[in-house]
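Beneath this line is the structure, given in structure tokens, with notes to follow.
The values are calculated or read from the model by the stated rules, or taken from the named source; none is laboratory data. Every value quoted in this text rests on a predicted model; they were computed, and no experiment measured them. For neighbour counting, all protein chains shown are included, and Cβ atoms are generated from backbone atoms with ideal geometry for every residue, glycine included. For the accessible areas, the whole protein counts, side chains as well, though only heavy atoms, and no ligand, DNA or RNA atoms are used. Shrake-Rupley method; radii C 1.70, N 1.55, O 1.52, S 1.80 Å.
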Amino acid sequence: MKGIARVLALGCLLALPFAAQALDHVANGKAKAQSCAACHGPDGNKPIGPDFPILAGQHADYLRKALLDYKSGARANPIMKGFAEPLSKQDIEDLSAYFAAQSSQLQSHR
Ligand code: HEC
């Protein structure tokens, strides 16, 4: 038992810096997400119309890929290209973490 407790404690210690880093991304992302609110809603949950996707609760990996693809042109959309173009890798990490951490309206209304 002692062995297991020690392994668990070590696991928690090792995980801490990663958890803290994820929280940093979310906090930074919240500030950066203000420029996205006009179309996607303040927390990515209230887009202004059916052509504007809900970002809240989407997987961070998916959001990151979408933003990188708009930036590179692999995903062609003139509106989002304009917004993804100036984003740094750090911005994309932060924004993806932020929107992924928001609970999706779709889920909460189930
Ligand atoms: C002027 C309106 C507008 C603004 C501002 C805007 N977007 Fe978008 N966004 C769109 C539209 C329209 C789409 C759908 C484009 C498409 O069909 O690929 C979209 C799509 C996306 C997608 C893909 C979602 C999916 O489900 O595939 C992501 C991610 C995204 N936007 C992130 C952002 C972020 C981050 C910001 C702020 C930096 C932002 N957007 C600002 C209009 C906007």
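Looking at the structure I just gave you, is residue 23 in contact with a Ser or Thr (Cβ under 6 Å, 6 or more places away or on another chain) and without any contact (Cβ under 8 Å) to a residue 60 or more places away in the chain?
So residue 23 does not fit the description; no.
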Residues located in region 42-56, provided they are closer than 18 Å to residue 94 by Cβ and modelled with pLDDT of 95 or more | 44, 55, 56
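Please count how many residues of region 58-80 are open to solvent by 50 Å² or more (accessible area, probe 1.4 Å) and among the acidic types (Asp, Glu).
Pass one, region 58-80, residues open to solvent by 50 Å² or more (accessible area, probe 1.4 Å): 58-59, 61-62, 64-65, 68, 71-72, 74-79.
Now drop any that are not among the acidic types (Asp, Glu), which leaves 61.
Counting residues in region 58-80 that are open to solvent by 50 Å² or more (accessible area, probe 1.4 Å) and among the acidic types (Asp, Glu) gives 1.
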Might you let me know whether region 61-70 holds any residue that is more than 8 Å from the ligand (Cβ to nearest atom), modelled with pLDDT of 95 or more and not in a helix (DSSP H, G or I)?
-> no
In region 81-95, is there at least one residue being within 26 Å of residue 19 (Cβ to Cβ), of a type in the set (Lys, Arg) and either touching a Ser or Thr at 6+ places or on another chain (Cβ under 9 Å) or open to solvent by less than 30 Å² (accessible area, probe 1.4 Å) (or both)?
-> no
Which listed residue, of 76, 97, is within 15 Å of the ligand (Cβ to nearest atom) and assigned to a loop (DSSP other than H, G, I, E, B) | 76
Given the structure, is residue 102 under 17 Å from residue 40 (Cα atoms), of a type in the set (S, T, N, Q) and within 11 Å of the ligand (Cβ to nearest atom)?
-> no
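Residue by residue, here is whether (1) touching a residue at least 40 places away in the same chain (Cβ under 8 Å); (2) under 20 Å from the mean Cα position of the chain (by Cα) holds:
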| residue | (1), (2) |
| --- | --- |
| 9 | no, no |
| 12 | no, no |
| 38 | no, yes |
| 48 | no, yes |
| 55 | yes, yes |
| 66 | no, yes |
| 77 | no, yes |
Hits in region 1-57 (condition: polar (S, T, N, Q) and open to solvent by less than 60 Å² (accessible area, probe 1.4 Å)) | 45
